Amino acid sequence: MRTAVAVWRRRHSPLCRTTDLVEAWVTFAVALLITFAAPAAGWLCGTLTHAALRESVRVQHEQRHRTTAFVVRAAPEPTVIPDPEISTERATHTRVVANWTAYDGTRHTGTVTTTQRVARPGDRFEVWTDERGRVVSRPMDDATASTHAAIAGIGAGAATAALFEGGRRLVVWRLTLRRYARLDQAWAKAGPDWGRTGAGS
């Protein structure tokens, strides 16, 4: 940006090339776009994402119902290769065979997971079920929706700014190639004797 300002100040100098002015204008335009357009894109994306997630929250709370499940017995753990990255998370979940009553009054039995470290027959815990009585994940809440929307907005703003900066760098690269080409042409016109042709030296 400082280079662009310096070029603009000496725009009337005979040493200022057209490509210098183009680069200054491009830099100025990109600075304005990053300052105003990128935040606007982030705000728009965040707003639309938040509206969509709020609708998902509403639908999930309509279609998922909380009920109480009763432990029947412990379920056999599947044979898996231990992963140190998820071992802590898996340690907080226990697989059990449980009974629960669905929203429509039907009774179901199946293997589910509970956050209880020790689950004994007869223990109760809460589960979420769909309209068919199948156990599903807990519905998203408003706080989670707002967090995801904020992350999406920040990401969109950053991506927009990066896109503008990438475009500016591409333009500057093309201008630099043009400068080098014109410099090569000027050196070629100077001749092999460094411009002293016909000088009698």
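The residues listed here are GLU23, GLU89, GLU55; of these, the one that is at pLDDT below 90, closer than 30 Å to ALA149 by Cα and of a type in the set (D, E, K, R) is GLU89. Name the single residue, out of those in region 111-121 being of a type outside the set (Val, Ile, Thr) and over 37 Å from the mean Cα position of the chain (by Cα), that is modelled with the lowest pLDDT. Looking at residues that are of a type outside the set (Val, Ile, Thr) and over 37 Å from the mean Cα position of the chain (by Cα), I get ALA119. The condition of being modelled with pLDDT of 95 or more and among the β-branched types (Val, Ile, Thr) holds for only one of THR18, THR3, THR47, that being THR47.
Can you spot a residue in region 156-170 that is of a type in the set (Lys, Arg) and either part of a helix (DSSP H, G or I) or surrounded by 11 or more Cβ atoms within 10 Å (Cβ to Cβ) (or both)? The answer is yes; a qualifying residue exists. Condition first: surrounded by 14 or more Cβ atoms within 10 Å (Cβ to Cβ) and at pLDDT 90 or above. Now tell me which residues in region 171-189 satisfy that. Result: VAL171, single match. Do you know which residues across region 149-175 are in contact with a helix residue (DSSP H, G or I) (Cβ under 6 Å, 6 or more places away or on another chain) and either farther than 24 Å from PHE36 by Cβ or of a type in the set (S, T, N, Q) (or both)? Those that are in contact with a helix residue (DSSP H, G or I) (Cβ under 6 Å, 6 or more places away or on another chain) and either farther than 24 Å from PHE36 by Cβ or of a type in the set (S, T, N, Q) (or both): THR160, LEU175. The set of residues from region 121-146 being open to solvent by less than 40 Å² (accessible area, probe 1.4 Å) and of a type outside the set (S, T, N, Q) comprises PHE125, VAL127, ASP130, GLY133, PRO139, ALA145.
The values are calculated or read from the model by the stated rules, or taken from the named source; none is laboratory data. Predicted model, so just to flag it, every value in this text is computed and none were measured. No Cβ is skipped: glycine too gets one built from the backbone with ideal geometry, and neighbour counts run over all protein chains shown. With ligands, DNA and RNA removed, areas are computed over all heavy atoms of the protein, side chains included. Shrake-Rupley method; radii C 1.70, N 1.55, O 1.52, S 1.80 Å.
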